[in-house]
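Chemist: Here's a structure for you.
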Amino acid sequence: MRILIKNARIVDPSQGIDIKGNILIDRGRIAGIGETVKDKDAEIIDAKGKITAPGLVDMHAHLREPGREEQETIESGLRAAVAGGFTTVCAMPNTSPPCDCQAQVKFLYEKAREARTANLLPIGTITRGRQGKEISEMLELKEAGCVAVSDDGDPVESSMLMRKALEYASMAGLVVISHCEDRSLGGDGVMHEGYWSTVLGLAPVPAEAESIMVDRDTQLAELAGASIHIAHVSTGKSIEIIRNAKKKGIRVTAEAAPHHFTLKDEDLRTYDTNLKVNPPLCSAEDIEALKKGLKDGTIDAIATDHAPHLENEKEKEFDYAPSGMIGLETALSLSAMELVEKGYLDWPGLIKKMSTNPCQILGYERGTLKQGAVADIVIIDPEKEWVYEKKQIKSLSSNSPFIGRKMKAGVTDVIVGGRVVVREGAILDA
Ligand code: DOR
Ligand code: ZN
């Protein structure tokens, strides 16, 4: 089956193109791209007025299976992903049991194949059982198909262990994704330390709880001669450290989550537990630093940190509620509104952060519309106005503070491996 996407604004940062034209898809791959490409027998998708780009790739999502299937499953998480324009999602390993062996990795691939929506790339643990004591079997994880390792949700406290992890991962060809948090400094804190933590009377976490670990980990990457990826960067202090490390030639990359550059500590005035995330929402100055870091390339990628939690788990006092919010279905619109509309990035710049760069960091041969590439494609209507409503949520959890919010820009069609998975905003059954 051939598909011809017509009259598109084709944005593909991997080839540095932003042109008007057509894309032909044949047997799951890009068969042609350009103004003169046509095929009178192909199924037509008219993309006039829309942006056609490589499918979005989320480097950081929690899909909860195995262990907490009432919060999310691979199937529901991948449905949420395609609804949000993602054609590939990396699954964080803080499941029960954690993804630390080949059998677990195989299980995830199997579930994703059955789901027939987005692609899934498993992330293995840095330490066995996420216990922070011994390094996982990294070569085995790589062999089974992991792209990265992370103990995300918890920091790797021991510097010695982190050094070893960086050395082994680098030999195995795995990216280390670091959750930077100095727990001895953050203590029982639940929100960013500053004016608002004092006003609201919530236990504070200083910005340094993140930046001290970012500093440690970039230094360890240099010592190990390895590369490192910093997860969910939230503070101006961390960005400064990453910017300087990059200048020194240390191989560090970083991601930011849409909630961290959209929401601030002051928003916690409502005590809405859906705003409780780890790292916590920061100050207006931190947000400005994040956006500038995205603009100047200090922050390479936008990742969701999609973290489903049930309503009854979130309906607790702020101190006791779990951290995290869902994000797969809102990431593109929030990023477009905060970054493109406000002039920090243009559309090619945004696609780079949400597709090209994540693929490059992971060594994943997608995120491109080059002839011959696997046809993972998203079509975006940049003018689409919509309201994020609870009833439309594909995730099994609905812990989002954005419910009821007016959104701008949205996904209309998604193609995965040459198969239309979302058509005019609706997920097609496999
Ligand atoms: O807010 C968060 N939620 N941050 C994390 O690091 C973990 C995540 C989760 O798994 O719920
Ligand atoms: Zn996470």
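Chemist: Checking T117 against (1) within 22 Å of M354 (Cβ to Cβ); (2) away from ligand 1 (no atom under 16 Å from the Cβ); (3) open to solvent by less than 40 Å² (accessible area, probe 1.4 Å); (4) not in a loop (DSSP other than H, G, I, E, B): exactly one of these is not met. Which one?
Modeler: Failing condition for T117: (4).
Chemist: Can you name the number of the only condition in (1) open to solvent by 10 Å² or more (accessible area, probe 1.4 Å); (2) under 21 Å from H229 (Cβ atoms); (3) touching an Asp or Glu at 6+ places or on another chain (Cβ under 6 Å); (4) not hydroxyl-bearing (S, T, Y) that D100 fails?
Modeler: Every condition holds for D100 apart from (3).
Chemist: Based on what the data block shows, is P258 in contact with a helix residue (DSSP H, G or I) (Cβ under 7 Å, 6 or more places away or on another chain), open to solvent by less than 50 Å² (accessible area, probe 1.4 Å) and under 21 Å from L202 (Cα atoms)?
Modeler: no
Chemist: Residue under question is G21, and the condition is that it be over 30 Å from S323 (Cβ atoms) and open to solvent by less than 40 Å² (accessible area, probe 1.4 Å); does it hold?
Modeler: Criteria met by G21.
Chemist: Looking at (1) touching a His at 6+ places or on another chain (Cβ under 9 Å); (2) open to solvent by 20 Å² or more (accessible area, probe 1.4 Å), find the lone condition where A301 falls short.
Modeler: Result: A301 fails condition (2) only.
Chemist: Scan the range 68-94 residue by residue and report those that are surrounded by fewer than 24 Cβ atoms within 10 Å (Cβ to Cβ) and within 15 Å of ligand 2 (Cβ to nearest atom).
Modeler: Result: R68, N94.
Chemist: If you go through the range 176-192, how many residues are over 24 Å from N274 (Cβ atoms) and part of a loop (DSSP other than H, G, I, E, B)?
Modeler: Counting residues in the range 176-192 that are over 24 Å from N274 (Cβ atoms) and part of a loop (DSSP other than H, G, I, E, B) gives 1.
Chemist: Filter the range 390-428 down to the residues that are part of a loop (DSSP other than H, G, I, E, B), open to solvent by 50 Å² or more (accessible area, probe 1.4 Å) and within 17 Å of S333 (Cα to Cα) and list them by number.
Modeler: Correct list: K394, I403, G404, R405, E424.
Chemist: Something else: Return the residue satisfying two criteria in turn: it lies in the range 266-289 and is of a type in the set (G, A, S) and in contact (Cβ under 8 Å) with a residue 40 or more places away in the chain, and of such residues it is farthest from S400 (Cα to Cα).
Modeler: Applying the filter and picking the extreme gives A289.
Chemist: Any idea which of N274, N244, N278 is within 16 Å of ligand 2 (Cβ to nearest atom), out of contact with any Cys (no Cβ under 9 Å at 6 or more places or on another chain) and part of a helix (DSSP H, G or I)?
Modeler: Answer to the check: N274.
Chemist: Now, a different point. Search the range 139-152 for residues that are open to solvent by less than 20 Å² (accessible area, probe 1.4 Å) and pair each with any residue that is assigned to a helix (DSSP H, G or I) and within 16 Å of ligand 1 (Cβ to nearest atom) when their beta-carbon atoms are under 8 Å apart and the residues are at least 6 apart or on different chains.
Modeler: The qualifying pairs are D151/R130.
The values are calculated or read from the model by the stated rules, or taken from the named source; none is laboratory data. For clarity, every value in this text was computed on a predicted model and none was experimentally measured. Methodologically, a virtual Cβ is constructed for each residue, glycine included, from the backbone with ideal geometry; neighbour enumeration extends over all protein chains shown. Remember, those area values only see protein heavy atoms, side chains included, never the ligands or the DNA or RNA. Shrake-Rupley method; radii C 1.70, N 1.55, O 1.52, S 1.80 Å.
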